[in-house]
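Scroll down for the structure; my scribbles are underneath it.
The values are calculated or read from the model by the stated rules, or taken from the named source; none is laboratory data. Values in this document were obtained by computation on a predicted structure and should not be read as measured data. Every residue, glycine as well, gets a Cβ built from its backbone with ideal geometry; the counts of neighbours run over all protein chains shown. These accessible areas exclude ligands, DNA and RNA; they are computed on the full protein's heavy atoms, side chains included. Shrake-Rupley method; radii C 1.70, N 1.55, O 1.52, S 1.80 Å.
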Amino acid sequence: MRALTRGVLGVVGFLILWELFGRFGFVSAQYLPPPSVVFGELGKLLGDEQFLRDVIATVLSLLIAVGVAVGIAVPLGLLLGSVPAVRYATRAVVEFLRPIPSVATIPLAIMLIGIGPETKISLAVYAAIWPILFNTIYALDELDPLLVETAKVFGTGRVGVMFSVALPSALPFVFTGIRLAATTALVVLVSVELLLGGSPGLGQFIMVARSGAGRMDLVLAGTVVAGVLGYLLNEGLERAQQRWFGWDTAIGGRS
Amino acid sequence: MTNFFKRWVVFVGLLVVWQVVTVYTDDPFFPPPSDIGEAAYKLWLSGPPDKLFLTDVVYDDVLDSLTRLLGGWAIAAVVGISIGIALGRSRTALEYTGPVLTFMRSIPPPALVPVFMLLFKIGSFMQLATIVFGILWPILLNTIDGARTVDATKVETSKVFRVPRVQWVLGVVLPSAAPKIFAGLRVSLSLSLVLMVVSELVGTDNGIGAQLLLAQREFDYANMWAGIVLLGVIGYVLNSLLLVAERRVLGWQPKQEHSKPAQLATV
């Protein structure tokens, strides 16, 4: 309870500092509006249907992107993780593709896909694949040989081992990958919405608020909402992980 | 060795396939790799000998981008590690600041680009601010985590021997936190590449990201592909260098601590 009190005090202190910063004119209040203004604006926004639609558009794109990424990365990870020959063969390609930042392919995506919501979703999928893929491969490396051999002794085939032994014991790692991928995908979605516009979403809302009337209070309110989304996402997935995979002592991976 | 060989054979093979397919289909969006290579050569490597054969574009744009990238990363590392160690060793301070830090970390960094654009005007300083703010959190939070979990025996031994404060921080806490710190540094390195590009895509004409956008607007697809490849190469080289450094610095650590792939978040 004391930790909670201190945390609340910390947040209040931060807000007061921010408020004073604007009030005493270190930075023009037009550039960095104080929290009283921002949160007032935020309250209004939460009743605004258009804004809520933007938020929902971003969240929906996020869910689609993560879903597609899981659908691609998990089977691919299982394949690369269980067939060493394929994995060595593709390593150079993977090592080459992975460091290309997804936002660098925005110009490419514009010409190939256009500027609709498909663009941001595809880029988010590209970014989200890697953490899931690597965590899946890693999990298969960590697979306890005792389990595999026991299953084999009891007459389980190769495919059976894959689905009844490898996949369940890889799940905690895969889930860590999904958690990392989800936060990554949110970053990419917001960036693409910001840079590209073209499809409704939180990033576009922020960009329109800035470039149109230069309403920094709206920009910051949008940023706060983006932060809350990111927080809920990470916290929710972490809770789910603890609940579903609490049995796994060494939960793999961290952010 | 054979695996190394196999790997590159497949890589070259795919390159050849790509070449054949692109030449055959003749799609303007997908120039063959040979064209991309030629564009890259013209863009960056056709300079005069007294400039090491590098063109002005390298000195103006690529070097500027790299300076911002590494500068931002270095600033974030210094700030993140020092604050992280202080917070990690003080439970009270962490309890006060924890929620604020968690929230700050949750903000997708690009969302703050408009704020920084107004506060710092458009230019190198705004780009640096974007990079630093975005990549500070993985370093900071990992350092806190590492500093908090110093082995109890080490803590008590240092207390018994009355190890001076400076030595305690530099000689005991920092090394114990090192594996986690490196994990944070690695995440933030790939993130800094992304933020560098994002900050260059908005309202500036300098840097690799800006060049990329320019190439796309001028329908110069070979140059655009060359830019994408260059960013991939930079990411690969920086990551490899960091891995080498990590192995050097953490060579004394028990193996499993730092071989986890947990830090594989690439954006």
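Highest-first packing order for the peptide set B:193-199, A:147-153 is B:193-199, A:147-153, based on the mean count of other beta carbon atoms within 10 Å. Largest GNM mean-square fluctuation among A:Gly227, A:Gly67, A:Gly157, using chain A with Cα springs under 10 Å: A:Gly157. What range in chain B is the longest one free of trypsin sites (Lys or Arg not before Pro) that are in a loop by DSSP and have at most 15 other Cβ atoms within 10 angstrom? For trypsin sites (Lys or Arg not before Pro) (loop position, at most 15 other Cβ atoms within 10 Å), the longest site-free span of chain B is B:1-120. By the combined test of axial Cα extent (at least 18 Å) and Kyte-Doolittle hydropathy (mean at least 0.5), the qualifying DSSP H helices of chain A come to A:2-23, A:49-82, A:84-97, A:117-141, A:167-196.
Per residue, the average separation of C-alpha pairs within less than 8 Å and at least 6 apart gives region B:51-263 a relative contact order of 25 percent.
Take every pair of alpha-carbon atoms less than 8 Å apart whose residues are at least six positions apart; their mean separation over the length of chain A yields a relative contact order of 24 percent. Once the Cα atoms are used to define both axes, helix B:124-148 deviates from the longest principal axis of chain B by about 40 degrees. Modelled spin labels at A:Glu19 and A:Leu4, positioned 7 Å past Cα toward Cβ, are 2.3 nm from each other.
Each Lys or Arg adds one and each Asp or Glu subtracts one; over the other residues with Cβ under 10 Å from the Cβ of A:Pro34, this totals -1. Between A:Leu52 and A:Val153, the distance separating the two model label sites (each 7 Å from Cα on the Cα→Cβ line) works out to 6.0 nm. For chain B, find the longest principal axis of its Cα atoms and tell me its angle to the long axis of helix B:91-106, 0 to 90°, nearest 10. Value to nearest ten degrees: 20.
Tell me the angle of helix B:174-201 to the major Cα principal axis of chain B, expressed in degrees between 0 and 90 and rounded to the nearest ten. Once rounded, the angle reads 30 degrees. Assuming a ≥ b ≥ c are the square roots of the Cα gyration tensor eigenvalues, decide whether region A:55-204 counts as rounded (a/c under 1.5), prolate (otherwise, with a/b larger than b/c) or oblate. Prolate shape, in that a/c is at least 1.5 and a/b is the bigger ratio.
If you take all other residues with their beta carbon under 12 Å from the beta carbon of B:Thr67, and give Lys and Arg +1 and Asp and Glu -1, the sum is -2. Note on the protein assembly as shown: with charges restricted to the Cβ of Lys and Arg (+1) and Asp and Glu (-1), its dipole about the Cα centre is near 1820 debye. In the context of the full protein assembly, A:Tyr126 retains an accessible surface of approximately 60 Å², using a probe radius of 1.4 Å and ignoring ligands and nucleic acids. Rg/Rh for region A:152-213 (Cα atoms only, Rh after Kirkwood) is 1.43.
For B:Arg91 and B:Val79 in one chain, what is 0.36 nm times their gap in residues minus the Cα-Cα distance, to one decimal in nm?
Gain on extension, B:Arg91 to B:Val79, equals 2.4 nm.
In square nanometres, what is the average projected area of the Cα convex hull of chain A?
Quarter of the Cα hull surface area: 17.7 nm².
Averaged over peptide B:133-145, the number of partner chain Cβ atoms lying within 10 Å of each residue's Cβ comes to 1.
The relative contact order of region A:1-103, computed from alpha carbon pairs under 8 Å that lie at least 6 residues apart in sequence, is 10 percent. Net charge in the neighbourhood of A:Leu46 (other residues with Cβ under 13 Å of its Cβ; Lys, Arg +1, Asp, Glu -1) is -2. Legend: mean number of C-beta atoms from other chains within 10 angstrom of residue C-beta atoms, peptide B:192-199, equals 5.
Using a 10 Å cut-off around each Cβ of peptide A:88-98, what is the average number of partner chain Cβ atoms that fall inside? Let's see the in-between values first.
Details: counts 7, 8, 4, 7, 10, 5, 1, 6, 7, 3, 7.
Partner Cβ neighbours, averaged per residue: 6.
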